[in-house]
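**Q** Quick one: the structure is below, questions incoming.
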Amino acid sequence: MTLDTLPPVEARPYLLKNSVQHYAWGTRGNQAFIPNLLGMEPESGLPYAELWIGAHPKAPSTVVVGDMPVPLDQWIHAYPVQILGSEIANKFSNQLPFLFKVLSAGEPLSIQVHPNKAQAKALHLHDPAHYPDANHKPELAIALDSLTALMGIKPFAELQETLRRYPEIADFIGARVCAGILDPVTPAPQKQQALIKTLFSTLIEHAIAHEKELVRAIERLAERLNKSSSLEESEMLFLSLKAKYTGPDVGLFAMFLLNLVHLTEGQGLFTAAGTPHAYVKGNIIECMANSDNVVRVGLTDKFIDPENLVEIIDYAPASLAVLGNGPDSAEQIYQTPASEFRVSRLALNASTARQETTENQLKLFLVTKGAVIVRWNAGSENAGMLVKRGQSILIPACLGEFQLRTETSAELFKVEVPIFD
């Protein structure tokens, strides 16, 4: 298929066909969220981890144009202004700037960080096999039911308590480094950040150089916790992860330095560049800049890059602002600093008619509950499309006005690009 054979863009919505990623941590069998969302029978034993909606070259969606499936990245390349709108096309070099996902975690993901733009360019230049693009990856996660996650480094006082509670971790890192954290005189914020960087980087570096010692320290902590009659949630998580990662995985200790957080349905978290994190369990909507760059350090069998990770991490204690008002808000806009995307959640009652306009830019919709009827070209009886649960549609910039209608209640997520002056 060449650019001159691609079908032209009409002023109408288009259904998308999207790719599923089968990473090992995804949900399986009857518990597999993504097949249930898509109304398909899950393949036995196969993990369903992510549904990708967008134009990333690794797994672009296809647009159903008549009977012809057209790769979305190629279609945008052929008709950028009609699909994206002139302002977005100019600002983002004729490319869709975001990647939209449904993520379903049955097991914890790796402890990881995302690079900023300058770091992403350097990583891609020196190691394109592991860093496939030169873009940064600011990221928004919104719970579809619930989400448990490790997110950002703990506040200084909580790190002090962690080292006291788990002497196995403190002993492995070393008394000299831990003494700076445990000093009874609380240091100034700038000094705290320097001490935290030394603590985290020393843990990673020591784990690389002393793998056998790390395994012994992990075993000592597990042995002590197994004798306890009352365990905290993070301790139970540690024991379950140790059963899976039996080798010298520094993530088993690094997880204790991160905040354990919980989101309920409709709540969201924004992850900026440099924030260490790992999703533990849950089903979420995820939106990010159009990138697949991940720098991993632990809780994974994939490629890890500890040397780059310790340079990329933001060592400031995390300020975790939970976004969203929960599932009862009729419309929730999740405001983030990202210039590439803005996500809204629409909870529509039965017999609703909601007017929308493209504002000369592309919009994507995903229906997660119920169904909606999309109507356009007022006065035309044929200008309507039923979009069911699990289906997604592209509204090209050239469409203009359209309407969302419901017969029963419905939930859908909208992704657009915030236009800044």
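The values are calculated or read from the model by the stated rules, or taken from the named source; none is laboratory data. Here the structure is a predicted model, which means the values were calculated and not measured. Because the Cβ atoms are built from the backbone with ideal geometry, glycine has one as well, and the counts that use them run over all protein chains shown.
**Q** Checking the conditions here, which among ILE153, ILE111, ILE142 is buried (at least 16 other Cβ atoms within 10 Å of the Cβ), of a type in the set (A, V, I, L, M, F, W, C), more than 26 Å from TRP52 (Cβ to Cβ) and touching a residue at least 40 places away in the same chain (Cβ under 8 Å)? So that I can check it myself, show each step before the final result.
**A** Numbers: ILE111 fails: more than 26 Å from TRP52 (Cβ to Cβ); ILE142 fails: more than 26 Å from TRP52 (Cβ to Cβ).
Residue meeting the stated conditions: ILE153.
**Q** Next question. Give the range 79-130 a look and list any residue that's part of a loop (DSSP other than H, G, I, E, B), in contact with a Gly (Cβ under 9 Å, 6 or more places away or on another chain) and among the polar types (S, T, N, Q), or say none.
**A** SER110, ASN116
**Q** Something else now. Between ALA278, ALA254, ALA273, which is at pLDDT below 95, among the small types (Gly, Ala, Ser) and closer than 27 Å to ALA24 by Cα? Walk me through it before giving the result.
**A** Values: ALA278 fails: at pLDDT below 95; ALA254 fails: at pLDDT below 95.
Exactly one residue qualifies, and that residue is ALA273.
**Q** In the range 360-380, how many residues are under 21 Å from CYS398 (Cβ atoms), at pLDDT 90 or above and not hydrophobic (A, V, I, L, M, F, W, C)?
**A** So the answer is 4.
**Q** Yes or no: the range 22-41 includes at least one residue that is part of a loop (DSSP other than H, G, I, E, B), among the basic types (Lys, Arg), under 21 Å from the mean Cα position of the chain (by Cα) and at pLDDT 95 or above. Give the derivation first.
**A** Looking only at the range 22-41, we keep the residues that are part of a loop (DSSP other than H, G, I, E, B), and these are 22-25, 28, 32, 39-41.
Narrowing further to those that are among the basic types (Lys, Arg): 28.
Next, from what is left, pick out any that are under 21 Å from the mean Cα position of the chain (by Cα): 28.
Subsequent filtering for residues that are at pLDDT 95 or above retains 28.
Checking the range 22-41: at least one residue is part of a loop (DSSP other than H, G, I, E, B), among the basic types (Lys, Arg), under 21 Å from the mean Cα position of the chain (by Cα) and at pLDDT 95 or above.
**Q** I've got another one for you. Hey, any hits in the range 384-392 for a residue that's surrounded by fewer than 21 Cβ atoms within 10 Å (Cβ to Cβ) and of a type in the set (A, V, I, L, M, F, W, C)?
**A** Filtering the range 384-392 down to residues surrounded by fewer than 21 Cβ atoms within 10 Å (Cβ to Cβ) leaves 384-386, 388-390.
Of the ones still in play, those that are also of a type in the set (A, V, I, L, M, F, W, C) are 385-386.
The answer is yes; a qualifying residue exists.
**Q** If you go through the range 283-303 one residue at a time, do you hit one that is more than 24 Å from GLU50 (Cα to Cα) and of a type in the set (Ser, Thr, Tyr)?
**A** So in the range 283-303, the residues more than 24 Å from GLU50 (Cα to Cα) come out as none.
No, the range 283-303 contains no residue that is more than 24 Å from GLU50 (Cα to Cα) and of a type in the set (Ser, Thr, Tyr).
**Q** Return the pairs, sorted by first residue and then second, in which the second residue is assigned to a loop (DSSP other than H, G, I, E, B) and modelled with pLDDT under 95, the first residue lies in the range 328-348 and is under 27 Å from ASN94 (Cβ atoms), the beta carbons are less than 6 Å apart, and the residues are 6+ apart or on different chains.
**A** The qualifying pairs are ALA338/PRO138; ARG342/PRO418.
**Q** May I pose another question? If you go through the range 334-381, how many residues are part of a loop (DSSP other than H, G, I, E, B) and at negative phi? Give the steps one after another, and end with the answer.
**A** To start, the set of residues in the range 334-381 that are part of a loop (DSSP other than H, G, I, E, B) comprises 335-341, 349-352, 358-362, 370, 376-381.
Now drop any that are not at negative phi, which leaves 335-341, 349-350, 352, 358, 361-362, 376, 378, 380-381.
The number of residues fulfilling the criteria is 17.
**Q** Of all residues being in contact with a strand residue (DSSP E or B) (Cβ under 9 Å, 6 or more places away or on another chain) and part of a helix (DSSP H, G or I) in the range 154-198, which is nearest to ASP314 (Cα to Cα)? Just the residue, please. Walk me through how you get there before you give the answer.
**A** Within the range 154-198, the first condition is being in contact with a strand residue (DSSP E or B) (Cβ under 9 Å, 6 or more places away or on another chain), and the residues that meet it are 154-155, 158-159, 196.
Those left that are additionally part of a helix (DSSP H, G or I): 158-159, 196.
Numbers: GLU158: 17, LEU159: 16, ILE196: 10 Å.
It comes out as ILE196.
**Q** May I ask you to verify whether LEU96 is farther than 20 Å from MET385 by Cβ and without any contact (Cβ under 8 Å) to a residue 40 or more places away in the chain? Give the steps one after another, and end with the answer.
**A** Details: farther than 20 Å from MET385 by Cβ: yes; without any contact (Cβ under 8 Å) to a residue 40 or more places away in the chain: no.
Spelling it out, it is not the case that LEU96 is farther than 20 Å from MET385 by Cβ and without any contact (Cβ under 8 Å) to a residue 40 or more places away in the chain.
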